[in-house]
1. With a 10 Å Cβ neighbour count serving as the proxy for reagent exposure, in which order, fewest first, do Asp85, Asp56 appear?
2. What is the extension gain from Leu19 to Asn86, computed as 0.36 nm multiplied by their sequence separation minus the C-alpha to C-alpha distance, in nm to one decimal?
3. Going toward the positive end of the dipole of the chain, with +1 on Lys and Arg Cβ and -1 on Asp and Glu Cβ, which of Leu150, Val53, Ala163 do you reach last?
4. Measure nothing but the geometry: give the 0 to 90° angle between the long axis through the Cα atoms of 106-119 and the longest principal axis through the Cα atoms of the chain, rounded to 10°.
5. How far, in nm, would the chain grow between Ala162 and Ser46 when pulled straight, counting 0.36 nm per residue and subtracting the alpha carbon separation?
6. Mind checking region 1-83 for trypsin sites (Lys or Arg not before Pro) that DSSP puts in a loop (not H, G, I, E or B) and that have at most 13 other Cβ atoms within 10 Å?
7. When the helix-only estimate is applied to the chain (DSSP H runs of n ≥ 4, each -39,500 (n - 2.57), divided by the residue count), what is the mean residue ellipticity at 222 nm, nearest 500 deg cm²/dmol?
8. So what are the ³J(HN,Hα) numbers for region 30-35, from phi and the Karplus equation (6.51, -1.76, 1.60; θ = phi - 60°), rounded to whole Hz, Gly and Pro as x?
Amino acid sequence: MSKKMQITLTVNGEVQELLAEPRELLIHVLRERLNLTGAHIGCETSHCGACTVTMDGKSVKSCTVFAAQANGASITTIEGLSTPDNLHVLQNAFREHHGLQCGFCTPGMITRAAQLLADNPTPTEEEVRFGMAGNLCRCTGYQNIVTSVLAAATEMSAAREAAE
């Protein structure tokens, strides 16, 4: 029997303290212990990106991060990007521009795209394609995903300019 360790995570702005097994994966803590089921378990090898979350300002594939490695980290999941009454700009753009089909990869795609736009608010199409390359979709041809991210970038940029 493994000895559990105390870890503290700030998930979507809320501090979470829990005991975790040393080899327990972050995706399992999020889904099974914190009931945040937006990030999906796809390949469990870091290839698909369905489990993508933001950890301390970087996109990570939570199926390859031990919860212990995330101790003290700030984590944002798809649930943390919006409120029940207000979708994130990216969520609206994916809906309006048909950037999703079955929806399985969509939370990871949107979470990755949010960090991409935080790092580069006005990306080119090539930069979006490169930045999203670690997230796979088996349903779309990616064009609508790229279009969605670019549309969100334009809307977010216009909102920033209007606020200035």
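1. Final ranking by Cβ density, sparse to dense: Asp85, Asp56.
2. 20.8 nm
3. Positive-end residue among those listed: Val53.
4. 70 degrees
5. Details: separation 116, 0.36 × 116 = 41.76 nm, distance 3.88 nm.
Here the segment from Ala162 to Ser46 would lengthen by 37.9 nm.
6. Lys3, Lys4, Arg23
7. Taken over the chain, the calculation gives -9500 deg cm²/dmol.
8. 4, 6, 8, 9, 9, 6
Bear in mind that the values in this text are calculations on the coordinates, not laboratory data. Treat the numbers as computed from the prediction; the structure is a model and nothing was measured. Positions of Cβ are generated from backbone atoms using ideal geometry, with glycine treated the same way; all protein chains shown enter the neighbour counts.
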